[in-house]
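Single-structure report; data block below.
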Amino acid sequence: MSWKPTPQTEDKLTKLLGAYPDRKAACIPALFLAQDELGWVPDDAIAWVSEKLGMAKSMVEGVATFYTMFNMEKIGKHHLELCTNISCSLCGAEQVLEALEKELGIKAGETTPDGLFTLHEVECLATCGMGPAMQVHDRIFEGITLEKVPEIIKELKGEG
Ligand code: FES
């Protein structure tokens, strides 16, 4: 892959850097700019952030791989992150996971062949009282029941 940011992304980074006295402090938001454009953070994005912020590539990669919100592999259009930590687990998260896997025809950690969905198990989404909970990009689904699983997938496909 050979990626170059769009002029809009370059402009956003220029504005962003003006807000930080030390450009290295913009590492996380800069990585988000790349991920917003691509959906994930390939090596080219690491190299771009490294060059723009004057940081070693290994340092940028260290930041990107430390935080789970950065996708280091290509993902589907809809990134389903289901919490299977203790509170959600007690509310039936494992059964919801099985239902999602069945509905999508994939296992956790995989992407559907059409590239529409990637399913991951994650730790707490900080909505423990409303489990089982699932994050899909900026949206949180709470209190997911087995009946809601096909409805959610249908809605995300734009068919709901
Ligand atoms: S345990 Fe699932 S949101 Fe906290």
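The set of residues in segment 116-147 being within 16 Å of the ligand (Cβ to nearest atom) and over 21 Å from MET69 (Cβ atoms) consists of GLY129, GLY143, THR145.
Residues of segment 109-134 that are farther than 18 Å from LYS148 by Cβ and among the aliphatic types (A, V, I, L, M): LEU116, VAL122, ALA126.
When VAL96 is tested against (1) farther than 15 Å from PRO150 by Cα; (2) open to solvent by less than 20 Å² (accessible area, probe 1.4 Å), just one condition goes unmet, and that condition is (1).
When segment 6-65 is filtered for residues that are open to solvent by less than 40 Å² (accessible area, probe 1.4 Å) and at positive phi, only GLY39 remains. Filtering segment 104-115 to residues that are open to solvent by 20 Å² or more (accessible area, probe 1.4 Å), closer than 15 Å to GLU81 by Cβ and not charged (D, E, K, R) leaves LEU104, ALA108, GLY109, THR111.
The values are calculated or read from the model by the stated rules, or taken from the named source; none is laboratory data. Just so it is clear, the structure is predicted and the values come from calculations on it, not from any experiment. Cβ atoms come from the backbone with ideal geometry, glycine included; neighbour counts cover every protein chain shown. Areas reflect the complete protein model, heavy atoms only, side chains present, ligands, DNA and RNA absent. Shrake-Rupley method; radii C 1.70, N 1.55, O 1.52, S 1.80 Å.
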